[in-house]
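A.B. asks: Pasting a structure here, questions to come.
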Amino acid sequence: MSPIASAVWLVIRVLTFVVIIDVLIGYFLDYFHPVRRFFDSLVEPMLNPIRRVLPQTGAIDFSPLVLIILLELVGRLVVGILA
């Protein structure tokens, strides 16, 4: 694998873990906690376009799951092209 493909794969992995961390700390930390605000500021710009497209499902938010799937697809596509 080329160094550029490895870097892209690393970025996709980091973004995936940031989304998972954001979802998990959303259950435990107050909305105004600085750590949660930091992770929300990283993840929300990626989730907002997905939330506009997905239908409302009540209390369950599927947009992080869709984002993780899209990150995986884009990562595999880009790494496949670069490798």
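We did not get these values from a lab; they are worked out from the coordinates using the rules stated. Nothing here was measured: the structure is a model prediction, and the numbers come from that model. Here the Cβ is made from the backbone with ideal geometry for all residues, glycine too, and neighbour counts use every protein chain on show.
A.B. asks: Residues in region 48-66: is at least one within 15 Å of the chain's Cα centre (by Cα), under 15 Å from Val11 (Cβ atoms) and touching a residue at least 24 places away in the same chain (Cβ under 8 Å)? Explain how you work it out, then say what you get.
C.D. replies: As a first pass, look at region 48-66 and keep what is within 15 Å of the chain's Cα centre (by Cα): 48-51, 61-66.
Narrowing further to those that are under 15 Å from Val11 (Cβ atoms): none.
Scanning region 48-66, I find no residue that is within 15 Å of the chain's Cα centre (by Cα), under 15 Å from Val11 (Cβ atoms) and touching a residue at least 24 places away in the same chain (Cβ under 8 Å), so the answer is no.
A.B. asks: Another one. Starting from residues that are of a type in the set (A, V, I, L, M) and either out of contact with any helix residue (DSSP H, G or I) (no Cβ under 9 Å at 6 or more places or on another chain) or not in a helix (DSSP H, G or I) (or both), keep the ones in region 21-41 and report whichever is farthest from Ala83 (Cα to Cα). Even if it seems obvious, please write down each step before you answer.
C.D. replies: Taking region 21-41 first, the residues of a type in the set (A, V, I, L, M) are 21, 23-25, 29, 35.
Those still in the list that are either out of contact with any helix residue (DSSP H, G or I) (no Cβ under 9 Å at 6 or more places or on another chain) or not in a helix (DSSP H, G or I) (or both) too: 24, 29.
Details: Leu24: 33, Leu29: 40 Å.
Selected residue: Leu29.
A.B. asks: If I ask for residues that are in contact (Cβ under 8 Å) with a residue 24 or more places away in the chain, hydroxyl-bearing (Ser, Thr, Tyr) and surrounded by 11 or more Cβ atoms within 10 Å (Cβ to Cβ), which ones from region 1-45 would you list?
C.D. replies: Matches in region 1-45: Thr16 only.
A.B. asks: Within region 6-20, is even one residue in a helix (DSSP H, G or I), more than 27 Å from Ala83 (Cα to Cα) and not aliphatic (A, V, I, L, M)?
C.D. replies: There is no residue in region 6-20 that is in a helix (DSSP H, G or I), more than 27 Å from Ala83 (Cα to Cα) and not aliphatic (A, V, I, L, M).
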